[in-house]
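Before any comments, here is the structure.
The values are calculated or read from the model by the stated rules, or taken from the named source; none is laboratory data. Because the structure is predicted, anything quoted here is derived from the model rather than measured. Using ideal geometry, Cβ is built from the backbone for each residue, glycine included, and neighbour counts are taken over all protein chains shown. SASA here: full protein model, heavy atoms, side chains in, ligands and nucleic acids out. Shrake-Rupley method; radii C 1.70, N 1.55, O 1.52, S 1.80 Å.
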Amino acid sequence: MSAPLCVAIVGSGPAGFYAAGALLDADTPVEVDMIERLPTPWGLVRLGVAPDHPKLKSVSRAFERIAERPGFRFLGNVEVGRDLTHADLTRLYDAVVYAVGAQTDRRLGIPGEDLSGSWSATEFVAWYNGHPDFQELPFDLNVDRAVVIGNGNVALDVARMLALTPDELAPTDTTDPAIEAIGGSPISDVVVVGRRGPAQASWTTQELKEMGELAGADVVVDPAELELDAASEAALEHDTNARRNMDVLREFAARERTGQPVTVRFLFLRSPVSLHGDEQVNAIELVRNRLEEQDGRIVAVPTDEHELLGCGLVFRSVGYHGVALPELPFDERRGTIRNEQGRVIGDEGTHVAGVYCAGWIKRGPTGIIGTNKKDAAETVERLLADVREGTLTHKAPATAEAVEALLVERGVRVVLYPGWGAIDELERVAGEKLGRPRVKLRTWDELLDAAERVAETTA
Ligand code: NAP
């Protein structure tokens, strides 16, 4: 039998796991090393998906099955760029698949954006989900009103999390400090602001509906906010999701308030112009927009009508953005590695042999978790086509032992899958007593200590 093809997958989120699954399904023998900078796998499934959405998180069971397959190895706490370079990877593996996601958030580029109390949604999400790099952020939720900018699903996650009651938070894996801060917060008004109209929001309908099902919050929509211009009305005919969203919003608009302690309000056709305050944000200035068709797209155009909305917190939820990786061709505007169907394309316009990408770093931060299955399958199909065509072959230095030797030489505290298993077990046992799926370990030390304790007991 021929020696297996050795493939490194960088990143252990959905795109990485789906790529691993597709590779291990191949007719040709393949060994996969999944390289992850954190001691924990699953990317945004662990650290991005809202904790009150356990069904979405249950996709991790499929990832666990992939991890159990022969030929799969998890190398956690290994950072590409710090512990291993791109050159190391291309030397030590036959192929490298980058599935690193979109690591940063888009900026608004307005005055006051960096005032205290102005946060990116990505920071808040990472904090309440227990990402070890975000636990020291000083979230102060002792304000009356929070404004969430953006009309995507992340904006809805943030608005909903802010509005959850202690009883709704209790059975989730939200971190303890976040449960305490959110559950004890006096926030009584959460305002979600979209720059375009309700028919252009990118929410999925299920997520929007949930805003109307909260135990401690009334959802408030002024019917005047839902009046559509002719172009938006016409666009609804071909857009089922937008049509369903409009139905849900109209149902919200028809509701009477029930006197819940929190209101979640939706405002449309408004863009943030600046954040006001000395050190701490105390208001947001919004400009009213009108919609215009430009090159077949409905865009927001500012009017000269401004309004000031007092608030103590602003969450900017206007999309993620990919970060360039050293030595890899990058499209700055899109925030993606330059590629064709997952084959990385160099400056000469040709495939950089043996280098591929999948997920958000390939196509941008769009779609739901499942979208990455098809996306990763496409990348793996190209990789296997390169094997069939003989442009990708196994090279002798590419072995699991060579990788291990280099990591030992560099003194990297690698977390293998059993190490993650120990973290997982500890978290689940702690959660079980409290009727929660898990209580997350939140610091690097806690995570690495838990992982290393199993290594010691099995040594
Ligand atoms: P998104 O869906 O792209 O939404 C970004 C929002 O920001 C849009 O409403 C956009 O408006 C707005 N925006 C962009 N620039 C702006 C600016 N300068 N000023 C004001 N508004 C601005 O991104 P996301 O919410 O970050 O979500 C990322 C992906 O993850 C999406 O595919 C989402 O569906 C997915 N996700 C899914 C779930 C779930 O299934 N439950 C949960 C979370 C995330 P325009 O439309 O006008 O550009």
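Going residue by residue through region 74-86, is there one that turns out to be among the basic types (Lys, Arg), touching a helix residue (DSSP H, G or I) at 6+ places or on another chain (Cβ under 7 Å) and surrounded by fewer than 22 Cβ atoms within 10 Å (Cβ to Cβ)?
We begin by selecting, within region 74-86, every residue among the basic types (Lys, Arg); these are 82.
Okay, now just the ones that are also touching a helix residue (DSSP H, G or I) at 6+ places or on another chain (Cβ under 7 Å), so none.
Checking region 74-86: not a single residue is among the basic types (Lys, Arg), touching a helix residue (DSSP H, G or I) at 6+ places or on another chain (Cβ under 7 Å) and surrounded by fewer than 22 Cβ atoms within 10 Å (Cβ to Cβ).
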Can you list the strands (runs of 3 or more DSSP E) lying wholly within region 198-297 that have 2 or more residues being under 26 Å from residue 308 (Cα atoms), open to solvent by 30 Å² or more (accessible area, probe 1.4 Å) and free of Cβ contacts under 8 Å to residues at least 60 places away in the same chain? 283-294
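In region 107-151, what count of residues is obtained for those that are under 20 Å from residue 46 (Cα atoms) and not in a helix (DSSP H, G or I)?
Final tally of qualifying residues: 10.
Please count how many residues of region 226-251 are in contact with a helix residue (DSSP H, G or I) (Cβ under 7 Å, 6 or more places away or on another chain) and either closer than 18 Å to residue 317 by Cβ or not β-branched (Val, Ile, Thr) (or both).
At the first step, the residues of region 226-251 found to be in contact with a helix residue (DSSP H, G or I) (Cβ under 7 Å, 6 or more places away or on another chain) are 226, 228, 232, 235-236, 241-246, 248-250.
Those left that are additionally either closer than 18 Å to residue 317 by Cβ or not β-branched (Val, Ile, Thr) (or both): 226, 228, 232, 235-236, 241-246, 249-250.
Of the residues in region 226-251, 13 are in contact with a helix residue (DSSP H, G or I) (Cβ under 7 Å, 6 or more places away or on another chain) and either closer than 18 Å to residue 317 by Cβ or not β-branched (Val, Ile, Thr) (or both).
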Just need a number here: residues in region 385-401 that are modelled with pLDDT of 95 or more and part of a helix (DSSP H, G or I). 4
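Each row is one residue, and each column tells you yes or no for (1) within 12 Å of the ligand (Cβ to nearest atom); (2) of a type outside the set (Asp, Glu); (3) at positive phi; (4) modelled with pLDDT under 95.
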| position | (1), (2), (3), (4) |
| --- | --- |
| 253 | no, yes, no, no |
| 297 | yes, yes, no, yes |
| 301 | yes, yes, no, no |
| 307 | no, no, no, no |
| 327 | no, no, yes, yes |
I need a count of the residues in region 151-167 that are open to solvent by less than 10 Å² (accessible area, probe 1.4 Å) and near the ligand (Cβ under 6 Å from one of its atoms). 1
Among the residues of region 42-61 satisfying the criterion of being touching a Phe, Trp or Tyr at 6+ places or on another chain (Cβ under 8 Å) and not in a loop (DSSP other than H, G, I, E, B), which is surrounded by the most Cβ atoms within 10 Å (Cβ to Cβ)? 45
Filter pass, residue 59 being within 30 Å of residue 162 (Cα to Cα), in contact with a Lys or Arg (Cβ under 6 Å, 6 or more places away or on another chain) and within 16 Å of the ligand (Cβ to nearest atom): no
Can you tell which of 366, 391, 350 is more than 25 Å from residue 82 (Cβ to Cβ), open to solvent by 50 Å² or more (accessible area, probe 1.4 Å) and touching a Phe, Trp or Tyr at 6+ places or on another chain (Cβ under 9 Å)? 366
